[in-house]
1. Which residue pairs have Cβ atoms closer than 6 Å, lie 6 or more positions apart in sequence or on different chains, and pair a first residue in region 42-59 that is free of Cβ contacts under 8 Å to residues at least 12 places away in the same chain with a second residue that is surrounded by 10 or more Cβ atoms within 10 Å (Cβ to Cβ)?
2. Quick one: Thr140 ticks every box in (1) out of contact with any Ser or Thr (no Cβ under 7 Å at 6 or more places or on another chain); (2) over 23 Å from Phe96 (Cβ atoms) except a single one, so which number is it?
3. Need the failing condition index for Ser104 against (1) at pLDDT 85 or above; (2) within 30 Å of Phe258 (Cα to Cα), just the number.
4. Inspect region 238-248 for any residue being surrounded by fewer than 14 Cβ atoms within 10 Å (Cβ to Cβ) and in a strand (DSSP E or B) and give the result as yes or no.
5. In region 131-160, what residues are among the aliphatic types (A, V, I, L, M) and over 20 Å from Asn185 (Cα atoms)?
Amino acid sequence: MSQPPQLDISQLSNATVPLPGLNPLKEEKASSFWSSNPLYSFVNNVSTTITSHRQSLDLINPGTMENINKEVSRDVFLNQLSFQGLRADISKTFCFKPDTFQVSHSFSVGGQAQPYSFNAVLGNDSTFFQGSIDSEYSLTGRLNHAWDKHIISKVTLQLAEQQSMCQLEHDYEASDFSLNFKALNPDVFGKSLHGVYVGSILQSLTPKLSVGIESVYSAMQPGGAVGDAGISLYGRYNNKNWIASAQFLNAGQFIGSFWKRLAPNVEAGVETTISAVRIQTICLQRSNQL
């Protein structure tokens, strides 16, 4: 005996025939506020257009502002390696991967450095900590933490008898620009803003040319005095075999540097600094009393 055909419930909607004169109901999606707002739509379209244009330029990250002339000031010049007197360093690495732990003892005679200092380094792929103490019991600590490959936070502390210091720093490195924020001895809970605050951005205009601007606000004088503000301009051109950079500082200084690779193992660099001299003219007025 043959069994009756089974009815597929999922096909009921396709089997129904609309009645003449009646339209099927249509589901209306409630439009959200942001999608129906013309101002948001305009800003979103402009942002999407700019992002698409920036991606079509094949821009690269220009690096950080403090390394704008690194090839000359750190790689060619010996300022970081030169010292006076006699110096000896003894270091020991206990582990390297995945966590790094290293200690070192530094001895110095006849120079400006302290006669003895002890240093310790502890870190891994995302966190780096360095601490040191010298013969005058000056303690210095530095902590760097990378939240991801684009965002890094830094804290620097120094406890000394003469002057203590606290510096907070935050870096954000995108595909074609870099942001940096610094705060030196910040005090935001007092009657007035106290400390030094620095904000900078370095943007790539082409794969070789990048420009930047830095703003500084300094209020270190006691008594709630009004602080000073200034703006500096930066530029860098990287042509692989040679690099030129220019800095227009807010103090009236111009720093220009040029680096060139002469051979696979030979590099040369030059740096010039021009300072503007402020000329003050004092006018004396003499009044005659009748």
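The values are calculated or read from the model by the stated rules, or taken from the named source; none is laboratory data. Because the structure is a prediction, the values reported are computed rather than measured. All Cβ positions, even for glycine, are placed from backbone atoms using ideal geometry, and neighbour counts span all protein chains on display.
1. Sorted first by the residue in region 42-59, then by its partner, the list stays empty.
2. Looking at each condition in turn, Thr140 falls short on (1).
3. (2)
4. The first filter runs over region 238-248 and keeps only residues surrounded by fewer than 14 Cβ atoms within 10 Å (Cβ to Cβ), leaving 239-241.
Restricting the remaining residues to those that are in a strand (DSSP E or B) gives none.
No.
5. Of the residues in region 131-160, the ones among the aliphatic types (A, V, I, L, M) are 133, 139, 143, 146, 151-152, 155, 157, 159-160.
If the condition is that a residue be among the aliphatic types (A, V, I, L, M) and over 20 Å from Asn185 (Cα atoms), then Ile133, Ala146, Ile151 are the ones that fit.
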